[in-house]
1. Please give the helix 217-233 orientation as an angle from the longest Cα principal axis of the chain, in degrees from 0 to 90, rounded to the nearest 10.
2. Would you order 276, 197 from fewest to most other beta-carbon atoms within 10 Å of each residue's own beta-carbon?
3. Working from Cα positions, state the angle (0 to 90°, nearest 10) between the long axis of helix 186-201 and the longest principal axis of the chain.
4. For the chain, modelled as a Gaussian network with Cα springs under 10 Å, which listed residue fluctuates most, 308, 252, 202?
5. What does DSSP give for the chain in terms of the percent of beta bridges that are antiparallel, rounded to the nearest 5?
6. Can you tell me which of 214, 133, 328 moves the most in a GNM of the chain? Springs connect C-alpha atoms under 10 Å apart.
7. From zero outward in steps of 5 Å, how is the percent of C-alpha pairs of the range 129-251 spread across the bins?
8. In deg cm²/dmol and to the nearest 500, what is the mean residue ellipticity at 222 nm of the chain if only DSSP H runs of at least 4 residues count, each as -39500 (n - 2.57), divided by the residue total?
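Taken together, the values in this text are just the output of simple stated rules run on the coordinates, not laboratory data. Note that the structure is predicted; figures quoted are calculated from it, not measured. With ideal geometry, Cβ positions are generated from the backbone for all residues, glycine too; neighbour counts draw on all protein chains shown.
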Ligand code: GZL
């Protein structure tokens, strides 16, 4: 079974040209190999083949230019880019995301300043203020939360420093507070996870949801997509438990331990990221369960979770590709040269199940 993506016609509208340019840039950029100083792990050339591809460049086709944004002309080659990472690099999603940004900056010879908020929003706000103080001419932000960005937006606007946001959305005005937003379609990820859960359970039984952390669009959208799809396709699947595991493995394990006490006959667990899903596997192992006793579906596409599919503990993984480096820098490059960039770029994500996990694990991160 091929490595499947959420195929939609990628270039269906005016901004298709912009999206196509982004996609062509990705192809031209090739697959930057990179060493991750956080974990010292180099991405193999196989995984680099899973660089991001644009699915539909910008819903509604809106774009942004330097002129419309009101920025000053910047020569990217001589500029300093500041990158603000949200969560601690204990999660392979964050490690791969930071590694992709660093590798692309290095490949283009662009000076990069980085900061990591260690999953504390107040620190992310001060991190970005610090990057501005250190002279960042452009910012790439992976936001922890969707709200509370006003102080940063004001400070960046005062210095005419353009912002590109990746992964999670900030609730602010495109082409005014930030230039462009590059991300997955998280509602679609939830829908596809529901399809995998329906397939694994035959559409009947009791399902628990390990929710992501509160205060960001990823958790709300992955939950919405999953619930809507279950209601639409499998009314015989009852959602009997929802609790946050904060996107971390330890909490995913703790919550699952409570779950199997309160719901000993649970049929399936939908974990809104791999780390919590792997925590659930740990709890099930400790409780003496066997692979497949409880059907688990997760989202991210990390190496450990895909191995869990190979081993039968996890039935499906929907990819959330964190390799934003090429697209983020392509956006910065076009924007600073006065070209149109899409206000929203949605990337394609793959999926893994028992049919393709073993052959496609090289694409995991
Ligand atoms: C999704 C990203 C999520 C990952 C989690 O794009 O924001 O945050 O799915 C991470 O692993 O914590």
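1. Compared with the principal axis, the helix lies near 40 degrees.
2. 197, 276
3. Value to nearest ten degrees: 20.
4. 202
5. Percent antiparallel among DSSP bridges in the chain is about 15.
6. 133
7. Answer for the range 129-251: a P(r) of 2, 10, 17, 17, 14, 11, 10, 7, 5, 4, 2, 0 percent.
8. -12000 deg cm²/dmol
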